[in-house]
Ligand SMILES: [Zn+2]
């Protein structure tokens, strides 16, 4: 464990339990947030890089055999997860049967976890296929699981507590990992 400054940034208020979770220099996924330099898996794809590190470092909620669930660094809403294959494929039709089945299973588990952790009222699920359709990282497909609430008042208690997003993501990841279901 390397040492780090007590105060990570400006006026975030008094130290608390969540603060201990926030070790941004160790979050590999965030360090790798730069866009890939090309379409290949060796071109700096953050979704290929993430599983090589610990769940905490990469904000991974759960790992399956062929897919995993990870927090979105640029959430549309609190608890926004993505489910994706380990394999670097761009198009949904490229998934094999096992990946297709587990992607669907993990989507269901993500919904269950979000309902347990947050009482989500609804969800937006979906994949943007190709940059023309709005995919930020088009070369590595990912299914968005976005929880919604009536009026979208946000459940995450830390939202009102601090605006420091990495801390929020680290804490949200743990909340969801703790309630990740064995079966959907
Ligand atoms: Zn990739």
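The values are calculated or read from the model by the stated rules, or taken from the named source; none is laboratory data. Worth saying up front: this structure is predicted, and the values here are computed from it rather than measured. Reconstructed Cβ throughout: ideal geometry from the backbone, glycine too, with neighbour counts over all protein chains shown.
Of note:
- Flag for residue 125 being under 16 Å from the mean Cα position of the chain (by Cα), within 15 Å of the ligand (Cβ to nearest atom) and more than 18 Å from residue 177 (Cβ to Cβ): no
- Some residue of segment 117-130 being part of a helix (DSSP H, G or I), at pLDDT below 90 and under 29 Å from residue 90 (Cα atoms): no
- Selection of segment 38-65 for residues being exposed (fewer than 13 other Cβ atoms within 10 Å of the Cβ) and within 12 Å of the ligand (Cβ to nearest atom) yields 38, 39, 40, 42, 52.
- Residue 68 being within 14 Å of the ligand (Cβ to nearest atom), in a strand (DSSP E or B), within 30 Å of residue 105 (Cβ to Cβ) and at pLDDT 80 or above: yes
- For segment 78-95, the tally of residues that are more than 16 Å from the ligand (Cβ to nearest atom) and surrounded by fewer than 19 Cβ atoms within 10 Å (Cβ to Cβ) stands at 1.
- Restricting segment 131-148 to residues that are touching a strand residue (DSSP E or B) at 6+ places or on another chain (Cβ under 9 Å) and part of a loop (DSSP other than H, G, I, E, B), the residue that is surrounded by the most Cβ atoms within 10 Å (Cβ to Cβ) is 141.
- Residues in segment 106-116 include at least one that is farther than 16 Å from residue 68 by Cα, in the same structural domain as residue 170 (by TED's automatic domain parsing), surrounded by 15 or more Cβ atoms within 10 Å (Cβ to Cβ) and in contact with a helix residue (DSSP H, G or I) (Cβ under 8 Å, 6 or more places away or on another chain).
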